[in-house]
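Report on the following structure.
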Amino acid sequence: MSFELLRTLCSTPGIPGREEAFREVVKQELSPISDESLRTDSMGNLFAMRKGGSSNARKIMLAAHMDEIGFVVRFISKEGFIYVHPLGGFDPRVLVAQRVKVYTSSGVLDGVFGIKPTHFTTAEERNKVVPLSEMFIDIGLSAEEVKGKVKIGNPVTMERDLIQMGHFYTGKTLDDRVGVYVMLEAFKRFKSSSDDIYAVATVQEEIGVRGARTATFGLVPDFGIALDITIAADIPGVDERDHCVKMGAGVGIKVLDSLSVSHSGMVDFLCYLAEKYSIPYQLEVLPSGGTDAGAMQASRAGMPVCTLSIPCRYTHSVAESVHKTDIESTIRLLIAFLEHSSEFTY
Ligand SMILES: [Zn+2]
């Protein structure tokens, strides 16, 4: 496990539609091992390939999304406060008083989501969630300086360094940088497959799996696996029946979410491999949320898909947390699938 690589992935910005800096990091990792020159399509999806050993090799598409939830600047007030538009599912409760980065053509600027001092708020105000539309970012510059540097449409991301905390890694953008990490590691580590394996780093997942839709249409794979986080709600205040998955209990093999129903034969095959290689796993039914598998499954005439999920607490906040052993379980199961893919038929 390379903490440094995961940390680099988590700290490199990439809001939906502006994944270019992050794509460069992924390119560096995939270039040395791809059997084809890396290719980027017009949406920005990045493709690498390892050739299969069979004369009638099928195409397997792996997908992990490069984009992170973030914002763009939508308005600058005459006092120099910045208002933003969200890209992805933010809960405004987790934004208050957090640090952000504003990416401008003249450099990266630090900022904070401002908040009215508690001394000046009424009891009613303290109990109310301020909607994002009313929240503002302060970058510590005069109105003239802000207007000289910041433009409408500039990307804004949350700021939080990845750290190790007990058995966890915690920070921002583990959704889906840990999925990208899993895809990179498995793609580097699997010995050989009878099928052609395409590692696709997708764009714009957080705003409706848009990159995976065009990537799949263009590639025409035979089947696919998405790598993404899922909700581990094994925390106080949530009934056990609603935990979805638990931290440290292994890779999640997705049965369904709100965008895709996994191919039952593929789910069974993944469970068989997990048991064969003693890889901890848990079956996952996620009532709300989806992954690139949703777009892959419904492309052209459709294809079998499944998602391998890394359990994650506190998703879509700067406190996203994953368990170290779940990352390795996910990598191991993905490697087993790639090395045994010829045994999967449908
Ligand atoms: Zn995700």
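The values are calculated or read from the model by the stated rules, or taken from the named source; none is laboratory data. These numbers come from a predicted model, not from an experiment. Cβ: placed from backbone, ideal geometry, glycine included. Neighbour counts: every protein chain shown. The protein model used for the area step is the full one, side chains on, heavy atoms only, and it has no ligands, DNA or RNA in it. Shrake-Rupley method; radii C 1.70, N 1.55, O 1.52, S 1.80 Å.
Each of HIS65, HIS340 has its accessible area taken with a 1.4 Å probe; listed largest first, they run HIS340, HIS65. For the pair the stretch 284-337 and the stretch 27-53, the centres of their Cα atoms are 21 angstrom apart.
Taking every C-alpha pair closer than 8 Å and separated by at least 6 residues, the mean separation divided by the residue count of the chain gives a relative contact order of 23 percent. Shown are TYR198, TYR83, whose ranking by accessible area with a 1.4 Å probe and every protein chain present, most to least, is TYR83, TYR198.
What is the mean projected area of the alpha carbon convex hull for the stretch 203-323, to one decimal in square nanometres?
Working: hull surface 31.7 nm².
The orientation-averaged projected area of the Cα hull of the stretch 203-323 comes to 7.9 nm².
The lysines within cross-link reach of LYS246, meaning a Cα-to-Cα straight distance under 27 Å and a gap of 8 or more places when in the same chain, are LYS172, LYS254, LYS276, LYS324. Solvent-accessible surface of protein heavy atoms, probed at 1.4 angstrom with all chains present, puts ASP110, ASP228, ASP234 in the order ASP110, ASP234, ASP228, largest first.
Comparing MET266, MET303, MET158 in a Gaussian network model of the chain, where Cα atoms under 10 Å apart are tied by springs, the biggest mean-square fluctuation is seen for MET303. Bridges between two residues of the chain, per DSSP, are antiparallel at a rate of about 60%.
What does the charge add up to near GLU19, with Lys and Arg as +1, Asp and Glu as -1, over the other residues with Cβ less than 13 Å from its Cβ?
On the way: positive: ARG18, ARG23, LYS27, ARG177, ARG210; negative: GLU20, GLU24, ASP41, ASP67, GLU68, ASP176, GLU205, GLU206.
Value of the local net charge: -3.
When you filter the trypsin sites (Lys or Arg not before Pro) in the stretch 164-217 for DSSP loop state and at most 15 other Cβ atoms inside 10 Å of their Cβ, you are left with LYS191. Across the chain, the convex hull enclosing all Cα atoms gives 143 Å³ per residue. The spacing between the stretch 216-272 and the stretch 98-161, judged by their C-alpha centroids, is 35 Å. Within the full protein context, the accessible area of THR230 is estimated at about 0 Å² for a probe radius of 1.4 Å.
Sequentially through the stretch 153-165, phi angles give Karplus couplings (6.51, -1.76, 1.60; θ = phi - 60°) of x, 4, x, 9, 10, 5, 10, 6, 6, 6, 10, 8, 9 Hz, Gly and Pro residues having no value and appearing as x.
Annotation: amide H of SER193 within the under-5 Å range of GLY53, sequence separation 5 or more or interchain, hydrogens built in the peptide plane. For LYS147, a cut-off of 18 angstrom between C-alpha atoms picks up these aspartates and glutamates, skipping any fewer than 8 places away in its own chain: GLU79, ASP110, ASP138. Any idea what % of Cα-Cα pairs in the stretch 71-158 are farther than 19 Å? That tail contains 36 percent of the Cα-Cα pairs.
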